[in-house]
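Comments concern the structure below.
Here, each number is a calculation from the coordinates, and none is a lab measurement. Since this is a predicted model, take the numbers as computed values, not measurements. Cβ placement follows ideal geometry from the backbone for every residue including glycine, while neighbour counts extend to all protein chains displayed.
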There are 2 protein chains.
Amino acid sequence: MERVKARTLSGFMELLPAQQNQFERVREVLAGTYELYGFTPLDTPVIEASEVLLAKAGGETEKQIYRFTKGDSDLALRFDLTVPLAKYVALHHNELSFPFRRYQIGKVYRGERAQRGRFREFYQADIDVIGDGSLDIINEAEIPAIIYKTFTGLGLERFRIRINNRKILNGLFAILGLTQQAGDVMRTIDKLEKIGEEKVKAILVEDFAVPGEVADKLLAVLQAGDPLGALEEFRGRDEGFDRGVEELTTVVRYLGAFGVPGDHFAVDLTIARGLDYYTGTVYETVLLDHPEVGSVCSGGRYDNLAEYYTDKQLPGVGISIGLTRLFYVLQEQGMLNPDLPTAPADVLVLPMTEDLSPAIAFATACRAGGVRAQLYTEPKKFKAKMNYADKIAVPFVAFLGEDEVANGVASLKDMRSGAQEKVALDQAPGWLKEKIAALGAGTPIRETDRE
Amino acid sequence: MERVKARTLSGFMELLPAQQNQFERVREVLAGTYELYGFTPLDTPVIEASEVLLAKAGGETEKQIYRFTKGDSDLALRFDLTVPLAKYVALHHNELSFPFRRYQIGKVYRGERAQRGRFREFYQADIDVIGDGSLDIINEAEIPAIIYKTFTGLGLERFRIRINNRKILNGLFAILGLTQQAGDVMRTIDKLEKIGEEKVKAILVEDFAVPGEVADKLLAVLQAGDPLGALEEFRGRDEGFDRGVEELTTVVRYLGAFGVPGDHFAVDLTIARGLDYYTGTVYETVLLDHPEVGSVCSGGRYDNLAEYYTDKQLPGVGISIGLTRLFYVLQEQGMLNPDLPTAPADVLVLPMTEDLSPAIAFATACRAGGVRAQLYTEPKKFKAKMNYADKIAVPFVAFLGEDEVANGVASLKDMRSGAQEKVALDQAPGWLKEKIAALGAGTPIRETDRE
């Protein structure tokens, strides 16, 4: 038979079983946390009509899209979860209740240049709260609490949520006479962390005709140690600015009530998150020990989710985690908790008798007790069986020989410590369940290089 | 602004929030059950290289495939989870341990003619056990136990697992001199349930030159009340046949030990499950009250999972549930348990004070206690708020007014009974958790038309 070489496309993450289990754990923390905050799971199609998916897209994004025809249909794979959400809310508007809170953890597709750590198929994990006509500011204050709960739930401590408000930036530009070059100024300021204050000022002055003293003023305000204090002198001069300061103040004030410790968030007036979409609070989240990764959870407030599909005003606020990339980074950095079991089963049941019925009954009892049990019945030597147990890293092996069966016990071997004990058959599932719960009690991530 | 009409492609299931929650429950039962049996979750790419995905395909399947190019790459969307598994096992053979037990619940794509209840994007939920060179028969006996546990876990009682062995069919054909027309005979027999014995015999005799008395004999054996008994007279005449009978006998014998009640399975010698792939035990599962749906869980034993990619012999046994179609049918038949909560949250927290901090603190405490809490702060009239609670069908509403805050309590309203009581703030999360657990205790499916 002529054979085809088995391969997986480059840019497509395909994990080995142990890694996949680690990935699932991360995903479960995300889903579980989102649900605690009252977000409902959604699952929209991967394929949409091109004219629907590309109603808004353009430029770089459009080039990356997987687009094709099937029969007469012009189709495309979703490249994010926001456009499908906009379509969903516009399409099902009458059947939904607002505020509509949904989360979606799903694969999206972008035909980017293949590159280490860049993926063409990757999971995004999004939450959004959508209002019908209006949406209370408290929703913007709750988002950092969700980010905080998500990341601490994963086991991370060394991260910081950065918050800004787009109305403040736009207002500042207006007050300083920079409205015309606002986009250019914003893009330049976005480079502050990368190229430093001096170069940013040079670009502002030389390329975008910002007067030197205005650039100084702007840079001083945006980088002030007490940002909210530094904004005071501009108040009363621009309505949008004043509203932005008020919103940001409200968000910061309620963060404490939401349980976010002060050292886990910071107002950062340099954050913009793109030019067009966001209109209020914006968020970024950085890993303090891995700033090179950039923001691992970003988003913000927008005024018009679905303007390309409906004339209904649908303001919202949302955040997105690039889950595949985050997982890749955590793995590369050795931050995945190695103590958590990654085996497909909690116990490997090894029958040592001709009649397999007692072993089958034991495995069945384990499963009824919520213990993941695998029955191993391949006719191999004992050593090969134990080798298998080692390789799948199963935490416990249960031996059921003539002696055990006769005495109504199972010999349970803890594969980590090597300790072995006989436990009554009816006690064994509970015994195992308890040990397994203790083994799995840690968080998916363990920070190793704390400062 | 020019608007695009929001729409979802036909043949693509997109659920409203309450339905999606019902779907998630079904999916969780499947995943949870598979894990209890020691299957590890896998997640392979939706897109594969066409030459890899189509190494085996042909005919009807190939026509249905979503295939396209991106740059220089000839790509296709997976149309099942078996081919990606074969690729995965061939590609990662050295890094896996055998028997390799994996489950995958994922979307697959087939551009079928759009039709009510037929989907172009649908979930399959597959489990497979793959051996390296050989695989013990006990794995074939365990599969019906997994089917049984899965379906009873969903809440179904009225189903039956039908079992056959392909070696018996092939052996019978050899013994009766029908090997040459085996494929035609098998396809015809497959129609027994649909067109009846008389017509099947006519086709066998007239179209496929089966002698009348041979057709009678074959039909008598295949439909015998005691199938294993009826096979006795053929023993000792064909090696494959004898092995098939032995395997089937072993599988049936161990089914009891695996906890499958006798009335939930039946040997059915007419089951073939396609012509080429399966080589041993084959399975079908039918809903007794909905035979028109056909098999809702099918599969079997095969000898060569990945022969298109590797010369390694990789026998296995697996089953597949067409999850999207199953869910669609359950919904159509009104079998989804209406008593289970489908709201995004367990409790809707309604602050009735100017300062939102107490309400925020209460919601935070609920979440810390594992209760899904949504804070509702939109400036709406009381009636509109209660309307919202009704529409999302939240089971509990928590009122926090001046009185409650002053007295350190929350007024908790049970939205089903209308009963309302004041519970101390520190007791409330536990109080809610208990009630919620009771509400969610049922199975996702409730059979309504038991005979």
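Note on region B:347-439: Rg/Rh from Cα positions, Kirkwood definition for Rh, rounded to two decimals, is 0.92.
Values of log10 I(q)/I(0) for region B:51-140 across q = 0.19, 0.25 Å⁻¹ run -1.00, -1.29, by the Debye formula with one identical scatterer at each alpha carbon and no solvent.
Using only the Cα atoms of region A:1-119, build the gyration tensor, take square roots of its eigenvalues as a ≥ b ≥ c, and label the shape rounded, prolate or oblate: rounded if a/c is under 1.5, else prolate if a/b is larger than b/c, else oblate.
Working: a/c = 2.10, a/b = 1.18, b/c = 1.79.
It is oblate, given that a/c is not under 1.5 and a/b is not larger than b/c.
Beta bridges from DSSP with both residues in region B:347-439: antiparallel share about 55 percent, rounded to the nearest 5. Which parts of region B:378-418 would a label at A:Glu95 reach, counting a residue when its backbone N lies under 20 Å from a point 7 Å out along Cα-to-Cβ? Those under the cut-off are B:388-394.
Residues of A:359-369, mean number of Cβ from any other protein chain within 10 Å of their own Cβ, rounded to a whole number? Write out the running numbers ahead of the final one.
Working: counts 2, 10, 4, 0, 8, 8, 1, 2, 9, 3, 1.
For this peptide, the per-residue mean of nearby foreign Cβ atoms is 4.
Counting alpha carbon pairs within less than 8 Å and at least 6 residues apart, what relative contact order, in whole percent, applies to region A:246-356? Please report the intermediate quantities before stating the final value.
Working: 98 pairs, mean separation 16.3, N = 111.
Normalised by residue count, the contact order of region A:246-356 is 15 percent.
Shape of region A:204-293 from its Cα gyration tensor (a ≥ b ≥ c, root eigenvalues): rounded if a/c is under 1.5, otherwise prolate when a/b > b/c, or oblate? Cα axes put region A:204-293 in the oblate bin. Sorted from nearest, the other copies put their B:Glu332 label points 4.8 nm away, the label point being 7 Å from Cα in the direction of Cβ. Across identical copies of the chain, B:Ala114 has label-point separations of 3.5 nm, listed in ascending order, with the point defined 7 angstrom from Cα along Cα→Cβ. Derived scalar couplings between HN and Hα for region B:432-444 equal 5, 4, 5, 4, 5, 4, 5, 5, x, 6, x, 8, x Hz in order, rounded to whole Hz, by the Karplus curve 6.51 cos²θ - 1.76 cosθ + 1.60 (θ = phi - 60°), x for Gly and Pro. The smallest convex shape that holds all Cα atoms of region A:17-332, its convex hull, gives 156 Å³ per residue.
Provide A:Glu284, A:Glu292, B:Glu233 in ascending order of the number of other Cβ atoms located within 10 Å of each residue's Cβ, fewest first.
Details: A:Glu284 23, A:Glu292 8, B:Glu233 11.
So the residues, fewest neighbours to most, are A:Glu292, B:Glu233, A:Glu284.
Averaged over the residues of B:43-52, the number of partner chain Cβ atoms lying within 10 Å of the residue Cβ comes to 6. Ordered from longest to shortest, the equivalent ellipsoid semi-axes for region A:383-426 are 20, 11, 7 Å, each the square root of 5 times a Cα gyration tensor eigenvalue. Under the criterion of Cα pairs below 8 Å and six or more residues apart, the relative contact order for chain B equals 17 percent.
Return the tail of the calculated pair distribution for region A:8-70, meaning the percent of Cα-Cα pairs more than 16 Å apart. Can you show the working numbers first?
Details: 1346 of 1953 pairs.
Of the Cα pairs, 69 percent sit more than 16 Å apart.
Is there a simple number for the mean count of other chain Cβ atoms within 10 Å of the Cβ of residues in B:7-15, and what is it?
Details: counts 8, 11, 8, 1, 2, 5, 3, 9, 5.
Mean number of neighbouring Cβ atoms from other chains: 6.
Need the list of lysines near A:Lys422 for cross-linking: C-alpha distance under 29 angstrom, and skip anything on the same chain fewer than eight residues off. Counting by Cα, and skipping residues close in sequence, A:Lys422 has these lysines nearby: A:Lys380, A:Lys381, A:Lys383, A:Lys385, A:Lys391, A:Lys413, A:Lys433, A:Lys435, B:Lys149.
Highest mean first, what order results for B:178-191, A:269-282, B:336-349 on Cβ atoms within 10 Å? Before the final figure, lay out each step's value.
Details: B:178-191: 17.2, A:269-282: 19.5, B:336-349: 21.4.
The packing order, highest mean first, is B:336-349, A:269-282, B:178-191.
Dividing the mean sequence gap of close Cα pairs (under 8 Å, 6+ apart) by how many residues region A:396-440 holds gives a relative contact order of 28 percent.
Give me P(r) over the protein assembly as shown, computed from all C-alpha to C-alpha distances, binned every 10 Å, as integer percentages. Percent of pairs per bin, in order: 2, 11, 19, 23, 20, 13, 7, 4, 1, 0, 0. Length gained on full extension, A:Thr69 to A:Gln333: 91.0 nm, using 0.36 nm per residue less the C-alpha separation. What's the whole-number percent of alpha carbon pairs in region A:293-414 lying beyond 23 angstrom? In whole percent, the share of Cα-Cα pairs in region A:293-414 beyond 23 Å is 55. Highest mean packing comes first when the peptides B:14-24, A:301-311 are listed by Cβ atoms within 10 Å, giving A:301-311, B:14-24.
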